[in-house]
Amino acid sequence: MKYYSTSNNNLKVSFQEAVTKGLSPDGGLFMPQFVPKLEKTFFDNLDNYSIQEIGLEVAKLFIEDEIPTTDLKNIIDDAINFDAPLAELDNNISILELFHGPTLAFKDFGARFMARTMSYFLRNQNKDVNILVATSGDTGSAVASGFYGIDGINVYLLYPSGKVSDIQEKQLTTFDKNITALEIDGTFDDCQTLVKAAFVDDEINAKMKLSSANSINIARLIPQSFYYFNAYKQIKNKVDEIIFSIPSGNLGNITAGLFAKKMGLPISRFIGATNSNSIFTEFMKSGKYEPRPSVQTLSNAMDVGAPSNLARIQSLYNKHEFILKDIASNTHNDSETIEKIKEINKKYNYIIDPHGAVGLLALEQYVTEEKIDNYSAVVFETAHPAKFKDTVENALDITIKIPEALQKSISKEKKSIFLSSDFATFKDFLMSR
Ligand SMILES: *Cc1c(COP(=O)(O)O)cnc(C)c1O
């Protein structure tokens, strides 16, 4: 399978090159030349497959010609060493808990898989690879945790100062060894701009080998499609109307779902749920992409003003009306989010985090407007509620028990390097390493 750049369909590279480069030199994102179809026998046997077995069948079709099946199996078994259970709220709605990995957010799936495929490809290289990651909260710790202690790989995490939760900041800044946290005096979009600028800077690239690990890396997306199949397998009340509601920011998760659908999974609708950073929702309405600076919300991992993966979605569909057939999008603000957290706890005795709450709100609006009453919806719970302890505790007037993994990073001391958001400062820093 070859991978093309969304900026130039004629530029085609191997999977290895797509993974190690991250972003195409022309600024485009890498996409598989076509989305492969899974055999009917795969779907017939789906109930018997574990998430790792599903992963192998899916990943094989994308990478089999470059990573032999036995190696790929080892990568998947090692990366996805946790589960993604479905919690049923009622007859119509289930919550897909994607927070059972080491950093308690769905990004563990993509980051751990990417780290292992990257180090697989780099196993015979003698030059260090430097991974630059802009993070609005959860990406950084998942990527760092995925790469932690791997020889020959240095990771630089750029996060917006004061704009991630205290717990998220601890998770970002308490690594040592090959992980360095850079606290940027700016927004997430500033962090993303710095990373993008470094990739196209000749001097930096002449000095060091750079790679990206944001959701723009294709190796993050492939494993994110695994859990769509695994969720489908667990739905008890399978009706014709299968809806997945995805709390969205950079649109990586929803793009992975579109892959799953094209591979043959019968999903009737995706809902791209946005917070007040509603660029995608507006794009869906008007057909126009109008990025703008992000604003801070309670669901801060979705605070993205210029969603990168939109380029991939547009590349999968050649007409706006086709996107509208598969995806709906609704936006909901912080006060609605708080009300939803309260309501879900009261009604179902379930604690949902602010991101999952936005997913539930967008689903509810969709089924109300479309007057659908018999459906099977899967709402992604993208992070553990303890990661947003203050918000959830204030909403529910309870004390949340912090999982042990998280407790460990909270007790460590923060270590970060503070930098302004101008590119010259960042460049100086990188050139001095
Ligand atoms: C990253 C993240 C999102 C947004 O996912 P995208 O793939 O960027 O759309 C939603 N929720 C949480 C908790 C996240 O960490």
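Before moving on, here are some points about what is shown:
- In the set (1) under 29 Å from Leu172 (Cβ atoms); (2) part of a loop (DSSP other than H, G, I, E, B); (3) of a type in the set (Val, Ile, Thr), Ile341 fails one condition alone, (2).
- Residues in the stretch 293-343 that are among the acidic types (Asp, Glu) and within 18 Å of the chain's Cα centre (by Cα): Asp303 only.
- Selection from the stretch 298-308 of residues that are within 11 Å of the ligand (Cβ to nearest atom) and either within 29 Å of Glu339 (Cβ to Cβ) or part of a helix (DSSP H, G or I) (or both): Ser299, Asn300, Ala301, Met302, Asp303, Val304, Pro307
- Of the residues Asn205, Asn217, the single one that is of a type in the set (S, T, N, Q) and more than 19 Å from Phe30 (Cα to Cα) is Asn205.
- Some residue of the stretch 260-272 being charged (D, E, K, R), in a loop (DSSP other than H, G, I, E, B) and in contact (Cβ under 8 Å) with a residue 12 or more places away in the chain: no
- Residues in the stretch 98-149 that are surrounded by fewer than 24 Cβ atoms within 10 Å (Cβ to Cβ), on the phi > 0 side of the Ramachandran plot and either within 16 Å of the ligand (Cβ to nearest atom) or outside any loop (DSSP other than H, G, I, E, B) (or both): none.
- Look at (1) β-branched (Val, Ile, Thr); (2) in contact (Cβ under 8 Å) with a residue 12 or more places away in the chain; (3) exposed (fewer than 14 other Cβ atoms within 10 Å of the Cβ) and you find that Ile372 fails only one, number (3).
- Test: residue in the stretch 257-265 that is farther than 26 Å from Lys233 by Cβ and crowded, with 18+ Cβ neighbours inside 10 Å: no
- Every pair of residues 6+ apart whose Cβ atoms lie under 6 Å, when the first sits in the stretch 356-367 and is touching a residue at least 24 places away in the same chain (Cβ under 8 Å) while the second is part of a helix (DSSP H, G or I) and among the acidic types (Asp, Glu): Leu361/Glu336
- Counting only helices (runs of 4 or more DSSP H) that fall entirely inside the stretch 174-252 and contain at least 3 residues that are aliphatic (A, V, I, L, M), in contact (Cβ under 8 Å) with a residue 40 or more places away in the chain and within 16 Å of the ligand (Cβ to nearest atom), the qualifying elements are 218-234.
- Matching strands (runs of 3 or more DSSP E) fully within the stretch 1-90 where at least 3 residues are modelled with pLDDT under 95 and of a type outside the set (D, E, K, R): 8-13
- Test: residue in the stretch 270-289 that is away from the ligand (no atom under 16 Å from the Cβ) and over 30 Å from Asp334 (Cα atoms): no
The values are calculated or read from the model by the stated rules, or taken from the named source; none is laboratory data. Remember, predicted model here, so these are calculated numbers, not experimental data. Don't worry about glycine lacking a Cβ; one is built from the backbone with ideal geometry, like all the others, and counts go over all protein chains shown.
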